[in-house]
1. Can you work out the Karplus-derived ³J(HN,Hα) for every residue in segment 24-37? Use 6.51 cos²θ - 1.76 cosθ + 1.60 with θ = phi - 60°, whole Hz, and x for glycine or proline.
2. Once you sort the root eigenvalues of the Cα gyration tensor of segment 3-83 as a ≥ b ≥ c, which label holds: rounded (a/c under 1.5), prolate (a/b larger than b/c) or oblate (the other case)?
3. Between Glu44 and Thr183, what's the calculated FRET efficiency when r is the beta-carbon distance and R0 is 22 Å? Round to 0.05.
4. With a cap of 16 neighbouring Cβ atoms within 10 Å, and only residues DSSP puts in a loop, list the GluC sites (Glu not before Pro) found in segment 1-77.
5. What is the distance, in nm, between label points placed 7 Å from the Cα along the Cα-to-Cβ direction at Ser159 and at Met193?
6. Taking R0 as 30 Å, what FRET efficiency do you get between Thr66 and Arg130 from their Cβ-Cβ distance, rounded to the nearest 0.05?
Amino acid sequence: MEDLELLAQMLGGDEKAFTELVARYNSTLIRVARYYVGSDASAEDVAQETWIAVIRGVSSFEGRSTFKTWLFHILVNRARSVGSREHRMIAVDPNESSGLAPSRFDQGGMWREPPVPFTDVIENGMVNQRIVQLVREAISLLPEPQQAVVTLRDVEGLSTKEVADLLELSEANARVILHRGRTRVRADVESKMKERET
């Protein structure tokens, strides 16, 4: 069921619709809140406060953005407040390792062993499920802010601009962080897949 349908049912007093929305988004809310606050417990509190704000403000939701974007805006505002951060800019270290082994490139910087798209190595549904599981595990191991950026962009499907706005990053900065996060996820998944083959 679409978010807006659940929202309409929630407005009509259907508690199950609200429960479905919580099940759909709560773990992501906690992960994103963790970017701003100092502990897992604080992140859980922020997520809970966000749901309370949704209940109180759902009748004023005008639909100018998606429900998901509205929800994350509420979360980020509350997380910033709790984390006492008025402004957040992540400095990008140009010397930070990309996560790719230098041995994969020749002296001219060209690929010796180019990455193979995951879709080319998927043989069946079981392999696909395993890859999804490995990707989720790899995302959970990313450092902040990479975990927040990759989660919002690639898991939740927000645009790069929406992610940048939510996390108060420049779009260029968000793209660099996203690229580095994706690179780490890919390297981690490729490494684990090769381990299974040997």
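1. Each residue of segment 24-37 in turn: 6, 10, 4, 5, 5, 4, 5, 4, 5, 4, 4, 4, 9, 10 Hz.
2. Values: a/c = 2.25, a/b = 1.75, b/c = 1.28.
Verdict is prolate for segment 3-83.
3. That gives a FRET efficiency of 0.15.
4. Loop-located and lightly packed - Glu2, Glu62.
5. So the label points at Ser159 and Met193 sit 3.1 nm apart.
6. With R0 = 30 Å, the Cβ-Cβ based efficiency is 0.45.
Every number here is computed from the coordinates shown, using simple stated rules; none is lab data. As the structure is a prediction and not an experimental result, all values here were calculated from the model. Note that we place each Cβ from the backbone using ideal geometry, even for glycine, and neighbour counts take in every protein chain shown.
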